[in-house]
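Presented below is the structure to which this report refers.
The values are calculated or read from the model by the stated rules, or taken from the named source; none is laboratory data. Quick caveat, the model's predicted, so the values are computed rather than measured. All Cβ positions, glycine included, derive from the backbone under ideal geometry; neighbour counts span all protein chains shown. Heads up: the accessible areas ignore ligands, DNA and RNA and are worked out on the full protein's heavy atoms, side chains in. Shrake-Rupley method; radii C 1.70, N 1.55, O 1.52, S 1.80 Å.
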Amino acid sequence: MKFGFLKHYRKIKIEGIDPKRILNKCLKNRITLQDLRWRDDISYTAMLQGDDYHKVKRMAGHTYQVTVLGEGGLVPAICSVKRNIAVVMGAFFLGALLFYQSLFIAEIQVDGYRSLEEAEIRSTLKEAGVVEGARRQGDYAQAKELLYQTYDSLTWVSFYEEGRLLHVDLAEGGSPAKEPKATKLEPVDIVASRSGLIQQILPLQGNAKVQKGDYVNKGDLLISGRYKYRSTDYSRGDEEFIQYQHAQGRVLARVPCRLEYYFEKKERQKTETGNYFTGIAIRLGDFSFDSTEGWGGYEASVRKEHKLFDFVRPLPFSLRLVTVKEVSLSEKERTPESLQKTVEAALRDYEKKSLKDGERILSQEVTYSDQEGLIKADALLEVEKDIGVEKKIDVKKEEKAKKKK
């Protein structure tokens, strides 16, 4: 009779000289063998309960070869189901992970811009929530509208997705409100955009009309786009001719500049009390968790974050170490020293953001006064600036005037 389904049994093959000795040992040790089949004089097969297999193995020792041909019953079935469940669950979670990854933008490619800066465009896209690691939006209508509102030169904007890669294609057109700049082929002069004392003049093309130390007023000619010459063709006589060109160069001048800053008389201060606690902030796709939220109970605090991990591939994930420190708030009168440091920082910021490469502050004088509960800082500067601007030459008008003479 066969073993039942719930019983664990094994089908084995026993090989060796005089294999009947194993049968006798099984009878002696009350080990039941079923479905006994002789294959030849030195080997036969049989079925036995799973627990008896190791007993037979010990009885066979090194004299006989015992091989498992198959298993049956509940235990192997459960093991098989476990293996299959693990494979199925693994495949399911892998598919779910791949699907979840496909919901987020891994890379943004911006094409078609000319006068605009890519960094500015990406900053605007970020305001609309379009950034690496963000969820894909589909139509991106909000981002399109924000780009059109921010940049008047844009005439066409297109978004399309290629897997997790987002393409942003732009097209720029001329702005009717602005006059077209003179091309390199047009004859122009370089004139002064404002009054100032010439510090340095570097004519790349054209004739310099001023030198270091000259004082110029707004509109004065700095670099001329006219070149006078006499023809080597004697049949034309000694007449002087004018050749026009596109003047180029850099003219640095010392110019006055006035800046005004207003500050409150009292300065707010944050003093750490020494109490703090730390936690972690995790972002995984759309899921975010911050262990510091709702803890501490501080009336005023400052938060500092330190990035441990931050990436968007294969899945948007960031891990930050967060420190929340308790602070006490107070006010005190601004001292002249702190006020001076604040103004100097503001002037450095002006120099960094408002002055071009090569331009600089030469001297500064700051005076302070009280105005309606505020402190006014009046900064009078001398700045070395490039005052040269292009002015188109009306060649036809000048030729007509020359003929009249």
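Consider the stretch 109-126. How many of its residues are surrounded by 14 or more Cβ atoms within 10 Å (Cβ to Cβ) and more than 15 Å from Ala171 (Cα to Cα)?
We begin by selecting, within the stretch 109-126, every residue surrounded by 14 or more Cβ atoms within 10 Å (Cβ to Cβ); these are 110, 112-113, 116, 121-122, 124-126.
Those still in the list that are more than 15 Å from Ala171 (Cα to Cα) too: 122, 124-126.
The total comes to 4.
I'd like the full set of residues that are in contact (Cβ under 8 Å) with a residue 60 or more places away in the chain and farther than 22 Å from Gln149 by Cβ, limited to the stretch 108-129.
Step one: filter the stretch 108-129 for residues in contact (Cβ under 8 Å) with a residue 60 or more places away in the chain, giving 108, 110, 112.
Within the stretch 108-129, no residue meets the criteria.
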**Asked** Within the stretch 300-321, how many residues are farther than 25 Å from Tyr100 by Cβ and either at pLDDT below 85 or open to solvent by less than 80 Å² (accessible area, probe 1.4 Å) (or both)?
**Response** 4
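With respect to Glu384, is the statement that it is open to solvent by 50 Å² or more (accessible area, probe 1.4 Å) and either modelled with pLDDT of 90 or more or acidic (Asp, Glu) (or both) true?
Working: open to solvent by 50 Å² or more (accessible area, probe 1.4 Å): no; either modelled with pLDDT of 90 or more or acidic (Asp, Glu) (or both): yes.
Criteria not met by Glu384.
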**Request:** Check Asp357, Asp386 and return the single one that is free of Cβ contacts under 8 Å to residues at least 40 places away in the same chain and under 22 Å from Gln200 (Cβ atoms).
**Result:** Asp357
**Residue tally, condition exposed (fewer than 10 other Cβ atoms within 10 Å of the Cβ) and not in a helix (DSSP H, G or I), over the stretch 336-357** = 2
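From the list Lys212, Lys178, Lys218, exactly one residue is open to solvent by 60 Å² or more (accessible area, probe 1.4 Å) and either outside any loop (DSSP other than H, G, I, E, B) or at pLDDT below 90 (or both). Which is it?
Values: Lys212 fails: either outside any loop (DSSP other than H, G, I, E, B) or at pLDDT below 90 (or both); Lys218 fails: either outside any loop (DSSP other than H, G, I, E, B) or at pLDDT below 90 (or both).
Going through Lys212, Lys178, Lys218 in turn, the sole match is Lys178.
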**Prompt:** For Glu365, all conditions in the list (1) of a type outside the set (Phe, Trp, Tyr); (2) within 30 Å of Tyr276 (Cβ to Cβ); (3) open to solvent by 60 Å² or more (accessible area, probe 1.4 Å) hold save one; what is the number of the exception?
**Reply:** (2)
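Go through the stretch 195-211 and give me each residue that's basic (Lys, Arg) and under 46 Å from the mean Cα position of the chain (by Cα). Explain how you work it out, then say what you get.
Of the residues in the stretch 195-211, the ones basic (Lys, Arg) are 209.
Selection gives nothing.
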**Asked** What is the one condition in (1) surrounded by fewer than 16 Cβ atoms within 10 Å (Cβ to Cβ); (2) under 46 Å from the mean Cα position of the chain (by Cα); (3) β-branched (Val, Ile, Thr) that Ile242 does not satisfy?
**Response** (2)
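Among the residues of the stretch 230-261, which ones are aromatic (Phe, Trp, Tyr) and at pLDDT below 90?
Correct list: Tyr234, Phe241, Tyr244.
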**Inter-residue pairs, beta-carbon under 8 Å, first within 17 Å of Ser102 (Cα to Cα) and in the stretch 130-148, second open to solvent by 70 Å² or more (accessible area, probe 1.4 Å), 6+ apart** = Val130/Gln137; Val131/Arg122; Glu132/Glu107; Arg135/Asp286
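Could you tell me whether Val131 is at pLDDT 90 or above and either closer than 28 Å to Gly285 by Cβ or not basic (Lys, Arg) (or both)? Walk me through how you get there before you give the answer.
Details: at pLDDT 90 or above: no; either closer than 28 Å to Gly285 by Cβ or not basic (Lys, Arg) (or both): yes.
Spelling it out, it is not the case that Val131 is at pLDDT 90 or above and either closer than 28 Å to Gly285 by Cβ or not basic (Lys, Arg) (or both).
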